[in-house]
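See below for the structure under consideration.
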Amino acid sequence: MKRILSGMQPTNRLQLGNYLGALRNWVDLQGNGNQCLYCVVDMHAITMPYDAAQLATSTREVTAAYLAAGVDPKHSSIFAQSAVGDLHAELMWYIATMTQIGKLDRMTQFKDKAGKNAEKAGLGLYAYPVLMAADILLYQATHVPVGEDQKQHLELTRDVAATFNHRYGKEFFTIPEPMIMGEATRVMSLRDGTQKMSKSAESDMSRINLTDTAEVIADKIKRAKTDPLPLPETVDGLKDRPEADNLITIYAALSGTTKAAVIAEFAGKQFSEFKPKLSDLTVAKIGPITEKMRHLLAEPKEIDVILEAGAEKARSIAAPTLKEVKQLMGFWKA
Ligand code: TYM
C-alpha cells in the first residue's frame, strides 16, 4: 500500500500551476488501495506576511478547491495542518536538531521568498522546509506528489529521515519518494516564461486562478506574452521559446496529451489561432471546478465537518509515530 501525503498553502487563491502540477495528480492517485492524506498547510502560510482575519476562510477555500477538483473524502483525509499542529511542530523541533544549516542555506525557495533582505527574514521562513519534512515523516508517507519546485524540499526530507534512522539505529522513518507527474510539472508565468506561475506573484495577469471567470481567463490568455514566430514543427523547436513552450505545455496537460501531440496539431499556426483554442480548453476544464467551489463555499459548515474528520484520522496516524520518535530519542517516560 502506498501512503500518499501532500499539501498546499492557503495563501491567496490556487492557480493553474497548483492544479496541473499537483492537485490533479492527487485526484488520480486515489483508489488502487492507496491511502491518501491531503493537508492544507496553514502553518506554512504564516511564514510570509498574511491577514489573520482571512486565514480560516482561505483554509476553507483551499479545502473547497481540493473537493471541487475531485479529492473525495471517502478515499482521502483532508485536514488543516494546524488542527494537528501540536504534533507537526513537536516533530519539527526534534528533526531540526538533525538538519544542517548549510543545507537550509541552499534552499532556493527561501532565497526567492526572502529576496535581497534575507537578514530580516523570519526564522519560520528559513525553517519552512523542516516543518515540511515533519509533515511528511509524521505520517510515514511513502509518496509525495508535488510540482517540480518542491523537489529540493523532498531531498532534504529524505536526508533528515536517513540521518534520524542512522543516529537512532533503526530504519524507523520511511524514506519518501517524490512523485512529479504529468506534462506540467512547472507551469510558468503568462507574463514571463522564465518565471514560475505563482499565487503570490504581484501581477494577477501572470496566472490563471481557479476562481477566474471565463472572460477573465480568455483575457489573460489573449494578453499572455508570446514571441513573433509561428508555432514550431517539432518539440525541439520550443527550445529558447519559453512562452511558447509554456502555453503548449498547458494545452497538453489540460487535454491529457503530450507536447508532441499538441505540436502536431498546431505546427506552423499563429498564436492568434492557438490562443482561442487554449482559452476554450482552459475554461472547459477549470470552469466546472470554479462552479463546484462556489457551491461548496456556500456551506462552510460542511467543509468544517470534512476537516474535522480529516484531523481526527490524521492524529490517529501521527500520534503513534511521534510516540515512537520520543522513545527512540530517549525521552523520559516516552
Ligand atoms: P504551495 O502551496 O506553494 O504549492 C502547492 C503545490 O503546487 C505545486 N505548484 C506548481 N506546480 C507546477 N507549476 C507551478 N507553477 C506550481 N506552483 C505550485 C507545488 O509544487 C506544490 O506541489 N511547500 C509546499 C507545501 C507543503 C507540502 C508539505 C507539500 C508543505 N508541507 C508536505 C507536500 C508535502 C508548497 O510549496 O506549497
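No lab work stands behind these numbers, since they all come straight from the coordinates. The model shown is predicted, which means the values in this text are computed figures rather than measured ones. Here Cβ is always computed from backbone atoms with ideal geometry, including for glycine, and neighbour counts include all displayed protein chains.
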What is the spin-label model distance, in nm, from LYS239 to MET98 if the labels are put 7 Å beyond Cα along the C-beta direction?
4.4
Principal axis extents for the chain, Cα atoms only, whole Å, descending order, please.
70, 45, 41
Apply the a/c threshold of 1.5 to the C-alpha gyration tensor of segment 118-218 and tell me whether it is rounded, prolate or oblate.
prolate
Expressed as cubic angstrom per residue, what is the convex hull volume of the alpha carbon set of segment 293-334?
78
Can you grab the distance from the C-alpha centre of segment 144-166 to the C-alpha centre of segment 178-201, Å, no decimals?
20
So what is the relative contact order of segment 176-326, in percent, for Cα pairs below 8 Å that sit 6 or more residues apart?
22
For segment 228-278, what does the alpha-carbon gyration tensor say about shape, rounded, prolate or oblate, given a ≥ b ≥ c as the root eigenvalues, a/c under 1.5 as rounded, and a/b over b/c as prolate?
rounded
Distance between the C-alpha centers of segment 61-129 and segment 16-60? Whole Å please.
11
Kirkwood Rh in Å, taken over segment 71-144 so that all alpha-carbon pairs contribute:
13.9
SER77 long-range amide H proximity, modeled H, under 5 Å:
CYS36, LEU37, TYR38
Average Cα contact separation per residue, the chain, under 8 Å, 6 or more apart, as relative contact order %:
23
Normalised by the number of residues in segment 194-282, what is the relative contact order in percent for Cα pairs under 8 Å and 6+ residues apart?
31
Need one word for segment 201-334: rounded, prolate or oblate. Basis is the Cα gyration tensor (sqrt eigenvalues a ≥ b ≥ c); a/c below 1.5 gives rounded, then a/b vs b/c decides.
prolate
Computed P(r) (all Cα pairs; segment 1-99; 10 Å bins; percent)
15, 44, 33, 9
Given the candidates VAL62, GLY237, ALA298, the one whose Cα lies deepest towards the positive end of the charge dipole of the chain, counting +1 at each Lys or Arg C-beta and -1 at each Asp or Glu C-beta, is VAL62
Between 0 and 90°, nearest 10: helix 85-96 axis offset from the chain longest Cα axis
80
Exposure proxy order (Cβ contacts within 10 Å, fewest to most) of THR108, THR282:
THR108, THR282
At 7 Å along the Cα-to-beta-carbon direction for both GLN54 and LYS292, put a label point, then send me their distance in nm to one decimal.
2.5
What is the packing order of peptides 269-277, 19-27, taking the mean over residues of other C-beta atoms within 10 Å and listing the highest first?
19-27, 269-277
Mean ellipticity per residue at 222 nm, deg cm²/dmol - from DSSP H runs of n ≥ 4 across the chain, formula -39500 (n - 2.57):
-16500 deg cm²/dmol
